[in-house]
Amino acid sequence: MDVDVTEIYITLYRVAAESHIVNALISAAKNGKKVTAFIELKARFDEANNIKWSRVMKKAGVKLIYSEPSIKVHSKIALIKKNINGVSSCFAVLSTGNFNEVTATFYTDHVLMTAVPQVCNELELLFGFLQKKKHT
């Protein structure tokens, strides 16, 4: 666990039955990190896993943003905020695919990992948008 991490934002499209990613998010939340996860409830063939894990995450203190019919996020997006000696920084992941350890063994994704502040700011706006109740 990185003690400098203060916040984690992530999109979850297809959650694995035994998800290391979700277990890490739960651990972070239990250790006082602010964790927010957008979870797609209509991920064909994976609805049961997503619903099961959403219940476990909610119980652990993860803030959940549930998908709705007007929007679908089928990509890997994560934003990590850190505070190191009073200086804020962020790290972003933008990628095709999803955070699923099983499907990662047979799909290839294109990934951008960056600490560019403008990209981090855009992802912060995205998560703000996803938290709104109505999308047009």
In Hz, Karplus ³J(HN,Hα) per residue of the range 21-37 (6.51, -1.76, 1.60; θ = phi - 60°; x = Gly, Pro) | 4, 5, 4, 5, 5, 4, 4, 4, 4, 5, 9, x, 7, 7, 10, 10, 10
List the lysines whose alpha-carbon lies under 23 Å from that of LYS33, not counting same-chain residues fewer than 8 positions away?
-> LYS52, LYS58, LYS59, LYS63, LYS76, LYS81, LYS82, LYS132
Quick one: which residues, 5 or more positions from LEU12 or on another chain, have an amide H under 5 Å from its amide H? H modelled 1.01 Å from N in the peptide plane, none for Pro or chain starts.
-> PHE38, ILE39, GLU40
Excluding ligands, DNA and RNA, what is the solvent-accessible area per residue of the chain at a probe of 1.4 Å, expressed in Å²?
-> 59
Report, by chain and number, residues whose modeled amide H sits under 5 Å from the one on THR6, excluding near sequence neighbours (fewer than 5 apart, same chain).
-> LYS81, LYS82, ASN83
Tell me, what is the percent relative contact order of the chain, built from C-alpha pairs under 8 Å that lie six or more residues apart?
-> 27
Whole-Hz couplings from phi, Karplus 6.51/-1.76/1.60, listed for the range 5-10; x for Gly and Pro = 5, 10, 9, 9, 10, 8
For GLY97, enumerate residues with amide H under 5 Å from its amide H, sequence gap 5+ or separate chain, H modeled in the peptide plane.
-> LYS76
Computed on Cα atoms, the radius of gyration and Dmax of the range 39-134 in angstrom are 14.8, 45
Pick out, from PHE91, SER27, ALA48, the residue whose Cα sits farthest towards the positive end of the charge dipole of the chain, with +1 on the Cβ of Lys and Arg and -1 on the Cβ of Asp and Glu.
-> ALA48
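For the range 31-88, which whole-number percentage of the solvent-accessible area (1.4 Å probe, protein heavy atoms only) is attributable to carbon and sulfur atoms? If you can, show how the numbers build up before the last one.
Numbers: 1820 of 3350 Å².
Roughly 55 percent, rounded to a whole number.
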DSSP beta bridges in the chain [antiparallel fraction, %, rounded to 5] = 65
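The values are calculated or read from the model by the stated rules, or taken from the named source; none is laboratory data. Every value quoted in this text rests on a predicted model; they were computed, and no experiment measured them. All Cβ positions, even for glycine, are placed from backbone atoms using ideal geometry, and neighbour counts span all protein chains on display. Heavy atoms of the whole protein, side chains included, go into the accessibility calculation; ligands, DNA and RNA do not. Shrake-Rupley method; radii C 1.70, N 1.55, O 1.52, S 1.80 Å.
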